[in-house]
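Notes to accompany the following structure.
What follows is calculated from the coordinates using simple rules that are stated; it is not laboratory data. On a predicted model such as this, the values are computed, not experimentally measured, just so you know. Virtual Cβ from ideal backbone geometry, glycine too; neighbours counted across all protein chains shown.
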Amino acid sequence: MSEPEMRDPLLLDAMLGKLATYLRMCGYDAAYALDRDAEADEDVLALVRTEGRRLVTRDERLARDAPDAVLLTEREVADQLRELAAAGFPLELSEEPRHCGTCNAPLERVDRTEPTPDYAPNPGEEPVWRCRDCGQHFWRGSHWEDVADTIADL
């Protein structure tokens, strides 16, 4: 499998919500089935087909029905990340976040002069990004460092 295939858009099934957040922080377009109201197998497979996504799942039967699916066996997110790394998926944090950790939509950099919510830092003091769809703000804070530590330990 070549690297461009590794960066294909992904669809993570209902069992992999936490993993979706980690993959988004690594720059992947990682849709989560439950965010798309796709819990039934046929709905998941329809999203794979219509959106050209590669399925990541812990469900053996579902993996057999989806072309090029990635079947994971582990339950803990760090172990799932190890499985993906062993399968050749590049796992490193992006220089700048690209996808919303909440909804997977694209992020945009907040201008230095724009106000931010109380929970976010001042964009004049450190880089801040905003989701184009849900409005959530992101920055490289303690959560970013925790994910970096997890990935470094793989």
Task: For the chain, built as a Gaussian network whose Cα springs stay under 10 Å, the top-fluctuating residue of Thr113, Thr21, Thr57 - done: Thr113
Open item on the list: Can you tell me the orientation of helix 41-51 relative to the chain, as the angle in degrees between its alpha-carbon axis and the longest Cα principal axis, to the nearest 10?
Closed with: 60
- [ ] Determine the principal axes of the Cα atoms in the range 3-86, then give the extent along each, sorted from largest to smallest and rounded to whole angstroms.
- [x] 28, 25, 22
Task: Check: the chain dipole with +1 on Lys, Arg Cβ and -1 on Asp, Glu Cβ, in debye - done: 200
TODO: Kindly write out, for the range 25-30 in residue order, the coupling ³J(HN,Hα) from the Karplus curve 6.51 cos²θ - 1.76 cosθ + 1.60 (θ = phi - 60°), rounded to whole Hz, with x marking Gly and Pro.
DONE: 5, 8, x, 7, 7, 10
Open item on the list: I want the antiparallel fraction of DSSP beta bridges within the chain, as a percent rounded to 5.
Closed with: 45
Task: Separation of alpha-carbon centers, the range 1-76 and the range 85-137, rounded to whole Å - done: 22
TODO: With everything on Cα atoms, drop me the angle between helix 142-152 and the longest principal axis of the chain, reported from 0 to 90° to the nearest 10.
DONE: 40
Task: Spacing of the two label points (7 Å from each Cα toward its C-beta) at Glu95 and Arg109, in nm - done: 1.0
Task: Convex hull projection area averaged over all views, the chain, Cα basis, nm² - done: 9.3
